[in-house]
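Comments concern the structure below.
The values are calculated or read from the model by the stated rules, or taken from the named source; none is laboratory data. Remember, predicted model here, so these are calculated numbers, not experimental data. Positions of Cβ are backbone-derived with ideal geometry, glycine not excepted, and every protein chain shown enters the neighbour counts.
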Amino acid sequence: MLDPLHSDSKHGHLKIKIAVSGAAETSFLSNENLKLCEALGREIVLQGAVLVSGATTGVPLWAAKGAKIEGGLSIGMSPATSEEEHVELYKLPLEFMDFIVYTGFGYVGRDILLTRTSDAVLIGPGRIGTLHEFTVAFEDKKPMGILTGDWDTDDIIKEVIVKSHRMDEHKEIVFDSDPKTLVAKVLELVKSRKIDERKHYSPGAFDPNSISDVGHDI
């Protein structure tokens with residue numbers, strides 16, 4: 001029986017892709033905070049997924065570093081049109097990414113491609129750009145994990161969800177202060193969603209009880 005999360009059908013994906021969103025400028029964060037962001041990247045790989053980032057400095061770069069420390073795959077989605085523009089105009093790094101997609105859409109357009117390329121989004125400590133990525137992911141009903149800590153982003157997101165009067169529109173958002181637990185929760189959301197999707201377009205083609213852990217390769 002085919003495993004719907006790891007089959008080679010036209011709808012199959014080799015790996016779950018998880019985006020990490022967070023501040024590019026990190027002067028408001030402690031070294032311990034940055035190590036938590038690195039741990040997010042490490043856990044994404046350790047639990048069998050691929051890291052996707054906005055190819056920026058700060059939180060995304062720390063997460064990408066964590067992914068590469070564990071020997072995983074790291075994909076960057078750049079706002080620039082080329083490597084030269086990425087480095088010279090946007091002043092963005094090339095390190096810790098296996099390849100970079102040069103979207104040419106600036107930060108706002110890049111955010112849409114970042115979230116839509118990914119199966120889920122993890123939100124770390126951030127600023128206004130991070131909140132934009134959160135709202136884009138929310139509108140697209142992406143499974144999300146919010147890393148909580150001694151910064152304001154997680155509290156702001158909770159307030160936005162409550163005060164926007166849209167709490168019932170998106171139930172696949174989880175909060176946790178531990179990177180390992182947060183990644184596990186988000187992967188479980190993705191796994192459940194993929195089971196439902198495969199049932200929809202391929203009814204009777206598989207037994208959900210045959211699904212192995214989402215971190216396994218095909």
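Structural remarks
- Scanning region 66-85 for residues that are crowded, with 21+ Cβ neighbours inside 10 Å and more than 21 Å from ASP119 (Cβ to Cβ) yields PRO79, ALA80.
- Of the criteria (1) surrounded by 21 or more Cβ atoms within 10 Å (Cβ to Cβ); (2) within 13 Å of PRO125 (Cα to Cα); (3) in contact (Cβ under 8 Å) with a residue 60 or more places away in the chain, which one ILE16 fails: (2)
- Looking across region 92-101 at every residue that is in contact (Cβ under 8 Å) with a residue 12 or more places away in the chain and under 21 Å from GLU25 (Cα atoms), the one that is surrounded by the fewest Cβ atoms within 10 Å (Cβ to Cβ) is identified as GLU95.
- Region 117-136, residues that are more than 15 Å from ARG193 (Cα to Cα) and either modelled with pLDDT under 95 or not in a loop (DSSP other than H, G, I, E, B) (or both): THR117, LEU122, ILE123, ILE128, GLY129, THR130, LEU131, HIS132, GLU133, PHE134, THR135, VAL136
- Counted residues, region 86-127 - those being touching a Gly at 6+ places or on another chain (Cβ under 6 Å) and over 25 Å from PHE138 (Cβ atoms): 2
- Restricting the first member to region 154-173 and to residues that are within 22 Å of LEU29 (Cα to Cα) and modelled with pLDDT of 95 or more, and the second to residues that are part of a loop (DSSP other than H, G, I, E, B) and among the hydroxyl-bearing types (Ser, Thr, Tyr), the beta-carbon pairs closer than 7 Å and six or more apart or on different chains are ASP154/THR148.
- Residue check, VAL162 touching a Pro at 6+ places or on another chain (Cβ under 8 Å) and either of a type in the set (Val, Ile, Thr) or not in a helix (DSSP H, G or I) (or both): no
- Cβ-Cβ distances below 7 Å connect the following pairs, each with a first residue in region 121-144 that is on the phi < 0 side of the Ramachandran plot and without any contact (Cβ under 8 Å) to a residue 60 or more places away in the chain, a second residue that is surrounded by fewer than 24 Cβ atoms within 10 Å (Cβ to Cβ) and assigned to a strand (DSSP E or B), and a separation of six or more residues or different chains: MET144/ILE173.
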